[in-house]
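Asks: Below is the structure I would like to discuss, written out as structure tokens.
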Amino acid sequence: MRIYNKKDFLTLPIGTFFAKGEKWSMNGFCIKGESLENDFYYTDLISIDFCNCRELSDRQEEMLEKGISYPINESEMRDGCFCDEDIFLVFEKEDLIKIREHINKFL
């Protein structure tokens, strides 16, 4: 894995797997989409499918309280934070191979 500042992260290709954070706390497991001037699109792999914030919170409650399952969110979102201090933990090929091995064991 490698840590990037925002400026360098924005130069990485579409399809890069990453976690976003600040020193030294990272969150999420995401796939980078298109870069904009000081922003980017991404797909969050630890989010469920939802249309709006109300539906997201309702579905999360249903999952916790009723054991309901919802599919993974495959929609691309815009970061929109414009925080130049953000850092990005980027998964490299070897890391993704190890993750795939763990997934294959489970499946």
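A short reminder: the numbers here are calculations on the coordinates, not readings from a lab. Given the structure is predicted, the values throughout are model-derived calculations rather than measurements. As a convention, Cβ positions derive from the backbone with ideal geometry for all residues, glycine included, and neighbour counts pool all protein chains shown.
Asks: Relative to the longest principal Cα axis of the chain, at what angle does helix 53-66 sit, 0 to 90 degrees, rounded to 10?
Replies: 50
Asks: Okay, next question. Rg (Å, one decimal) plus Dmax (Å, integer) for the alpha carbons of the chain?
Replies: Cα only, the chain: 15.3, 43 Å (Rg, Dmax).
Asks: Based on the alpha-carbon gyration tensor of the range 1-47 and its eigenvalue square roots a ≥ b ≥ c, which shape applies: rounded if a/c is under 1.5, prolate if not and a/b is larger than b/c, or oblate?
Replies: Cα axes put the range 1-47 in the oblate bin.
Asks: Here's another thing I want to ask about it. Starting from the Cα gyration tensor of the range 52-107, take the square roots of the eigenvalues, sort them a ≥ b ≥ c, and report rounded, prolate or oblate (rounded when a/c is under 1.5, otherwise prolate if a/b is larger than b/c, else oblate). Please report the intermediate quantities before stating the final value.
Replies: Values: a/c = 2.93, a/b = 1.15, b/c = 2.54.
It comes out oblate by the Cα gyration axes.
Asks: Continuing with this model, one more query. Taking the Cα centre of the chain as origin and charging only Cβ (+1 Lys, Arg; -1 Asp, Glu), how large is the dipole, in debye to the nearest 20? If you can, show how the numbers build up before the last one.
Replies: On the way: 14 positive and 22 negative charges, 85 e Å.
Approximately 420 debye in magnitude.
Asks: Let me ask you something else. As a footprinting exposure proxy, order Phe88, Phe40 by other Cβ within 10 Å, with the fewest listed first.
Replies: Working: Phe88 22, Phe40 25.
Fewest-to-most ranking of Phe88, Phe40: Phe88, Phe40.
Asks: Same structure again: Which of the trypsin sites (Lys or Arg not before Pro) found in the range 3-107 are in a DSSP loop and have at most 12 neighbouring Cβ atoms, other than their own, within 10 Å?
Replies: On the way: sites: Lys6, Lys7, Lys20, Lys23, Lys32, Arg54, Arg59, Lys66, Arg78, Lys93, Lys98, Arg100, Lys105; in loops: Lys23.
Here the trypsin sites (Lys or Arg not before Pro) that fit, given the DSSP loop and packing criteria, are Lys23.
Asks: Suppose only helical runs count, i.e. DSSP H with n ≥ 4. What mean residue ellipticity at 222 nm does that imply for the chain under -39500 (n - 2.57) per run, divided by all residues and rounded to the nearest 500 deg cm²/dmol?
Replies: Numbers: 3 runs with 32 residues, N = 107.
My calculation for the chain gives -9000 deg cm²/dmol from helical runs alone.
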